[in-house]
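One structure is given here, and the rest of the page talks about it.
What follows draws every value from the coordinates through simple rules; no lab data is involved. Everything numeric in this text was worked out from a predicted model, so none of it was measured. Cβ atoms come from the backbone with ideal geometry, glycine included; neighbour counts cover every protein chain shown.
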Amino acid sequence: MFSKDGGKDGSMISSCSSQAIRASSDSVLLRANIKCPILSSTSVKIFSYDNLRLATRKFHSNCVLGEGGFGCVYKGWIDENTLSPCEPGTGIPVAVKRLGQESSQGHKEWLAEINLAHLSHPNLVKLFGYCLEDEHRLLVYEFIPHGSLDNHLFKRDSCQPLSWNLRMKVALGVAKALAYLHCAEINVIVRDVKNSNILLDRDYTAKLSDFGVAVNGPVDQESHLSTAVKGTRGYAAPEYIATGLLTQKCDIYGFGVLLLELLSGRRALDENRPGMEQNLVDWARPYLRHKHKIRCVIDTSLGGLYSFSAVQKLAALALECLCTDPKKRPAMDSVVSILEGVQEDEELEAAEHQESGKKVTASASRKNGKSRWNIFGGGRS
């Protein structure tokens, strides 16, 4: 697990309200109360502080993976079977997030992450366990080797730009994670979908991380939740910022912003750009509405290596997700179906192109063979 909060992609939005968040008795309990208990149903390992200290070489600076408002994230090593600390390069690597002792908000987010640990999906980062000793609060995650999407999109830490196919893979992976969280049985709203919370594993499979501000969605006849506004500037849905009314459609807006980042290679908010270009959604929207202007948005680092028909479909999907009327935004399971269809069309197009190339090569070979036969009077050399 590796993530940096805040930074150039937008600062965190947070309200001072201590309003409790409602949850049904049989759902995940997530309350904005520092005394909220860890659920008895949470089946994760409890680590000792001393063991995590040893696993991270006493929280050595060389082991730091990143840091943010929550605290620092360290790389550590534990035995795969016993989960006890071991020497670097042996056992399995883990990411250890250490809560800053001065952060009361961090404690609430720490609890929320633990109480969501029972959720399991290929596109979610796995939480192995936690530590709660005296003033020490830590979380232990699976280690994701390629770090955050943020680094790859914006070429930080010497990361290579992502190819078009990998961007499609990331978009579909995140969509599947959100569709899983939004399904009726889970009913969780992430509230903070953004590039730095998406990690890429060894095969560049996207994994959603950081659920500290996630909440249970509305149940029964409720249409929304009224909560303290949290999230990240540039990704938060406008109606949520204006009213505090939260629905799954707020996550879908954030996903639409992410699609724009994948298409353009630009940040959701970038104060280093000219005034009219600082907000990605405001800048890109007019271009996406016109077929002949879409190329103005596409990331130049792709070098033209993409399917324009796929780009058009992603642009149309992004516009749907970013619709100012939240009721008109698609559900995440529909988004998954659309992205799977785009991916299948691309694979079919690539296969047809390859087959066409083989036919051209075979035709050229036959022509060359015929020429050689004629030249040598009916006999091949």
For residue 285 and residue 184, FRET efficiency with R0 = 41 Å and r from the beta-carbon atoms, rounded to 0.05?
0.80
So the compactness index of the stretch 142-213, its C-alpha Rg divided by 2.2 N^0.38 Å, takes the value 1.12
Here is the link list: 291/313; 108/327; 176/313; 176/328; 97/194. Which ones come out longer than 22 Å on Cα distance?
108/327
HN-Hα J couplings of the stretch 281-293 from phi, Karplus 6.51/-1.76/1.60, θ = phi - 60°, integer Hz, Gly and Pro as x?
4, 5, 6, 7, 3, x, 6, 5, 7, 10, 3, 7, 10
Starting from the amide H of residue 65, placed 1.01 Å from N in the peptide plane, find each other amide H under 5 Å away whose residue is 5 or more places distant or on another chain.
73, 74, 75
For residue 306, list long-range residues whose amide hydrogen, built 1.01 Å from N in the peptide plane, is under 5 Å from its own amide hydrogen.
none
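Once R0 is set to 51 Å, what does the formula 1/(1 + (r/R0)^6) return for the Cβ-Cβ distance between residue 353 and residue 135, expressed as a FRET efficiency to the nearest 0.05?
Once rounded, the FRET efficiency stands at 0.25.
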Residues with amide H under 5 Å from that of residue 210, placed H, sequence gap 5 or more:
none
